[in-house]
Amino acid sequence: MRRESFASAKVIASDCAGFLEGPQRNTILGVAQLIMFGELAVNRALDSLELKANPAL
């Protein structure tokens, strides 16, 4: 999944949460947070791969 896809998914979830209330809103905000954690994990993995490919960095 491309980095931009995570950003788009996060925005979509956050926007949808704005239209909801109560438990449904909390659920969508939780999904947005999970997307953020996924994005962080992928970015960390990609950074690690880049460092292994270019040890001088």
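Computed per residue of the chain from DSSP H runs no shorter than four, each worth -39500 (n - 2.57), the mean residue ellipticity at 222 nm is -29000 deg cm²/dmol. Rounded to the nearest 20 debye, the dipole size of segment 6-57 about its Cα centre is 100 debye, using +1 on the Cβ of Lys and Arg and -1 on the Cβ of Asp and Glu. The distance between label points at residue 19 and residue 4 comes to 2.4 nm (points 7 Å beyond Cα on the Cα→Cβ vector). The chymotrypsin sites (Phe, Trp or Tyr not before Pro) of the chain meeting both criteria, a DSSP state outside H, G, I, E and B (loop) and at most 13 other C-beta atoms within 10 angstrom of the site's C-beta, are 19.
Once backbone amide H atoms are built at 1.01 Å from N, residue 20 has no partners under 5 Å, excluding neighbours fewer than 5 places away on the same chain.
What shape does the chain have by the C-alpha gyration tensor, where a ≥ b ≥ c are the square roots of the eigenvalues, rounded means a/c under 1.5, and otherwise prolate means a/b greater than b/c and oblate the rest? Verdict is prolate for the chain.
Note the angle between two axes, namely the Cα long axis of helix 3-17 and the longest principal axis of the Cα atoms of the chain, as a number of degrees from 0 to 90, rounded to the nearest 10. So the helix axis and the longest Cα principal axis differ by about 10 degrees.
Since every read-out is calculated from the coordinates, none of them should be taken as a lab result. Note that the structure is a prediction, hence the values are computed from the model and not measured. All Cβ positions, even for glycine, are placed from backbone atoms using ideal geometry, and neighbour counts span all protein chains on display.
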